[in-house]
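Visitor: Following this message is one structure expressed as structure tokens.
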Amino acid sequence: MSLNGRTALDPRWLTHHRGISRAFQLATITVYNENQSARVYNASTNTFDTNETAIWAGKARIQPKNNGVDRNLTGNNTVIQQVEMQLDLEGNTISGSGGDMVDIRPGNYIIVTSAPTATQLTKFVYIVRSVVNSSNAWQRTLMCEVDVESDPDA
């Protein structure tokens, strides 16, 4: 075999290093797809009833990407922050959807269900803005936006 006859990475690298990324995934999240076309206004509660579906649940690493940005909207001052989430798709699926075949799209939203080392992360609703697939076959990176005044339990 010639010196350049194989790829630069040993084929075992893909499975060997999975444990490293998993070790940093301390939060547990659920990704939802909300069917906006099925929204129905409920006059008694003054809310919209929606048809939402959990499309993925599992461990994630959550990392802020910038300081909060003040959005001055008339009657609704709010602060928005960009957050990066790295998901280990293998073995973390809902309804046997097949790991890396999970179709997470911009507009899906995420609830952090558990974050033992940063419990405040459970107090926000994260909106997926960009889906950036990692060159690591087992990992997906999501760029999310969070309104730091939102609270899924409120």
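Here, each number is a calculation from the coordinates, and none is a lab measurement. What you are looking at is a predicted structure, and each value in this text was computed from that prediction instead of being measured. Heads up, the Cβs are rebuilt from the backbone with ideal geometry, glycines too, and the neighbour counts pull from every protein chain shown.
Visitor: Subtracting the Cα-Cα distance from 0.36 nm times the residue separation, let me have the gained length for Leu26 to Asn46 in nm, one decimal.
Guide: Full extension from Leu26 to Asn46 adds 3.6 nm.
Visitor: Further question: Where Lys and Arg each count +1 and Asp and Glu each count -1, what net charge lies around Met143 among other residues with Cβ under 9 Å from its Cβ?
Guide: In short, 0.
Visitor: So if each residue of separation counts as 0.36 nm, and I subtract the Cα-Cα distance between Met143 and Ala118, what length gain in nm does that give?
Guide: Roughly 7.1 nm would be gained on extension.
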